[in-house]
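What follows is a short report on a single structure.
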Amino acid sequence: MKNPNENLDKTHFGFTEVPVNEKADRVANVFHSVAQKYDVMNDLMSLGIHRLWKKFAIDLLGVHCGQVVLDIAGGTGDLSATIAKKIGDTGRVILSDINSSMLSVGRDRMIDKGIFNNIAYAQANAEILPFADNTFDRIIIGFGLRNVTDKDAALRSMFRVLKPGGRALILEFSKPVMPGLKPIYDAYSFKILPLLGKKILNDADSYQYLAESIRMHPDQKTLQNMMQNAGFEKCDYHNLSGGIVAVHRGFKF
């Protein structure tokens with residue numbers, strides 16, 4: 001007879017079921033592989049539209065001069081760079097990522113852009129953020145939550161370090177809602193993306209994982225409910241590009 005508890009320590013790495021304690025290392029290997037050309041691939045994969053998605057998210061984040069902002073899974077730092085300009089010299093943005101290769105690329109990008117005075121870096125796991133309670137005015141995680149092993153733990157951790165009166169934003173791939181879009185999007189994801197990965201990085205597997213991880217990510221309403229369960233209030237979401245991407249927002253009062 002099958003033991004009903006035998007799958008309790010399993011999770012998904014894309015479509016593959018793996019032990020919970022292996023997922024973080026597998027995800028790390030993906031991003032070690034793609035770090036150097038991550039931005040180039042983002043432009044190619046989205047035809048540059050990811051820049052508009054990120055602009056919308058930062059506008060919705062409502063960053064003001066002098067605020068302290070946490071950019072989780074900030075990777076190569078494009079969100080942090082924009083935030084740094086908005087918060088001015090009296091503010092501070094923490095560019096955090098669990099992956100050392102991505103964080104290193106992000107630091108180099110910031111130096112190249114001349115951003116020094118109001119930015120700091122932290123190699124951090126979103127599930128157990130190494131910051132005190134009520135530290136940040138704003139928190140954003142862009143295209144990173146789907147890679148987290150325990151998403152509920154990450155949301156609770158985000159809520160804990162957010163100040164009362166603050167808001168958190170999740171920018172992430174989601175589920176297409178526009179009629180007729182899903183089959184086109186699926187064909188692109190599972191045929192074109194791995195091909196681009198192979199041609200540019202000689203790494204089709206990482207982009208196969210990307211496509212699969214998007215399909216395993218919670219849909220818009222489920223993620224909204226998860227945010228509410230973590231303590232966030234007035235949670236809402238905005239679909240972009242027909243639901244291919246969604247921006248979720250929650251507040252702490």
- [ ] Please tell me if Asp108 is acidic (Asp, Glu), modelled with pLDDT of 95 or more, out of contact with any Cys (no Cβ under 8 Å at 6 or more places or on another chain) and part of a helix (DSSP H, G or I).
- [x] yes
For Asn21, the lone unmet condition from (1) in a helix (DSSP H, G or I); (2) within 16 Å of Phe173 (Cα to Cα) is (2)
The number of residues in the range 47-65 that are under 19 Å from Leu95 (Cα atoms), assigned to a loop (DSSP other than H, G, I, E, B) and either open to solvent by less than 30 Å² (accessible area, probe 1.4 Å) or in contact with a His (Cβ under 7 Å, 6 or more places away or on another chain) (or both) is 2
Those helices (runs of 4 or more DSSP H) completely within the range 134-253 that have 1 or more residues that are closer than 30 Å to Cys65 by Cβ and open to solvent by 60 Å² or more (accessible area, probe 1.4 Å) are 151-161
Picking from Leu95, Leu44, the residue that is crowded, with 21+ Cβ neighbours inside 10 Å and either touching a strand residue (DSSP E or B) at 6+ places or on another chain (Cβ under 8 Å) or more than 22 Å from Leu155 (Cα to Cα) (or both) would be Leu95
Looking across the range 1-23 at residues that are aliphatic (A, V, I, L, M) and at pLDDT below 90, the single one that is surrounded by the fewest Cβ atoms within 10 Å (Cβ to Cβ) is Met1
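The values are calculated or read from the model by the stated rules, or taken from the named source; none is laboratory data. Computed from a predicted structure; not experimentally measured. Don't worry about glycine lacking a Cβ; one is built from the backbone with ideal geometry, like all the others, and counts go over all protein chains shown. Note: areas computed on protein heavy atoms with side chains; ligands, DNA, RNA excluded. Shrake-Rupley method; radii C 1.70, N 1.55, O 1.52, S 1.80 Å.
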